[in-house]
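Read through the structure below, which is laid out as structure tokens, and then see the notes.
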Amino acid sequence: MTTTLIRAETTTRPTLALGALALGAFGIGLTEFVIVGLLGVIGDDLDISVPTAGLLISGYAAGVAVGAPLMTALGSRVPRKTMLAALMGLFIAGNLLSALAPTYELLLTGRIVAALTHGAFFGIGSVVAAGLVAPDRRAAAIATMFTGLTLANVAGVPLGTALGQAFGWRSTFWAVTVVGVVALLAVVALVPHQSRGENVSLTQQLTVFARPQVWLALSITALGFGAVFAAFTFFEPILTEVTGLPDAAVPWLLVVFGVGLFGGNIVGGRLADRALLPTLIGALTALTVVLVSFALVAGHPIGAVVSVLALGATGFAIVPAVQMRVLDTAGGESALGSAANISAFNIGIAVASWLGAAAIDHGFGLTAPAWIGAALAAAALLTTLFARALERRG
């Protein structure tokens, strides 16, 4: 009887803890992406232009890039569970400020406060998730946590957008605040205490960035995920003006893209546990092919829809693999290295989106971002092959 209870606890406890981390990831993913569907509503209510409202997106991305290593370093001497709970508390405060903000400036401040928690939560959470399971299941555990992010895209963003359009944009931020409170309670109740790892100074932690393989892994992240967002950023004009689909079809195709994210994340995590670098090489090869195909068939509705699904699947199949790669090269206990990878995700998104916009502005057409994405994916693939060659040479 005792053996049965112990066995049940060891199988159930990690599942519940990963569920708590996934719930936090869901809230963070929701607050990051739901703003896209609310820019017009916010602009009308606060009497600001759409480009000015767009700073609510770029400001958040900047907050993530800066906050990921900063917050992780500041919390390096704090127990991981305590730090995760503190980050969720700050996340709640940021969204509460956004919900109550009477001015654009305070709304932007609330967005940046919430963004400061993003990278550190995923960085520390990845280390915690990997430590909850056996070594051969670490990538799958990280993928489980990131499932919350994919579900935010599949279900959370459409529902949050509909809520904001029906009852005002503040109602969406109130809903995100509630999600944050529930996630905080779940983290406190379900995530077990873990040691802080070695008690090392910030200077010692920064030594991981002296390793070439760490920088190669971060480059793979920025290039690979940038490849996805080079095309994703311009889905709406591509699907309506090139493919010829009605505006009403775009939200449904975003759901299709989200379904691809969900499936690719789960499959990518399981395959990465079996063979990490081969999984990464295969996923990046597939991503390159999908982006080239999308550029070629964007004018055909069926081909475009299939490409959207495939882009989501191949794009997020790389996520648990690159996160695990950074942990392996930086040291499995390096929350700072893990958080830096979240910064790399957002730097890749920002640069790729800028390149796509510049290509369109210079008259290369609406499919140019897909070609740029294919080039970035190919560069990520070559970087991965180079990293593997270096590793084999010792």
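The values are calculated or read from the model by the stated rules, or taken from the named source; none is laboratory data. Source: prediction; values computed, not measured. When we count neighbours, we look across all protein chains shown, and the Cβ atoms used for this are built from the backbone with ideal geometry, even at glycine. Remember, those area values only see protein heavy atoms, side chains included, never the ligands or the DNA or RNA. Shrake-Rupley method; radii C 1.70, N 1.55, O 1.52, S 1.80 Å.
Overview of values
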read-out: Carbon/sulfur fraction of accessible area - the range 112-232, other protein chains in place, 1.4 Å, %; value: 70 percent
read-out: The chain: C-alpha pair distances exceeding 41 Å, %; value: 10 percent
read-out: Mean Cα-pair separation over length for the chain, i.e. relative contact order, pairs under 8 Å, 6 or more apart, %; value: 24 percent
read-out: Probe 1.4 Å, protein heavy atoms only - accessible area per residue of the chain in square angstrom; value: 41 Å²
read-out: Where labels lie 7 Å past Cα in the beta-carbon direction, separation of residue 249 and residue 206 in nm; value: 5.3 nm
read-out: Stretch gain in nm, segment residue 77-residue 358, where the contour uses 0.36 nm per residue and the Cα spacing is subtracted; value: 96.8 nm
read-out: Signed unit charges on C-beta, dipole axis of the chain, positive-most listed residue 70, 43, 256; value: 70
read-out: Surface accessible to a 1.4 Å probe, residue 137 within the full protein complex, Å²; value: 130 Å²
read-out: Residue 285 versus residue 165: modelled label distance in nm, points set 7 Å from Cα along the beta carbon direction; value: 4.2 nm
read-out: Förster-model FRET efficiency, 45 Å R0, residue 106 and residue 393, C-beta, rounded to 0.05; value: 0.25
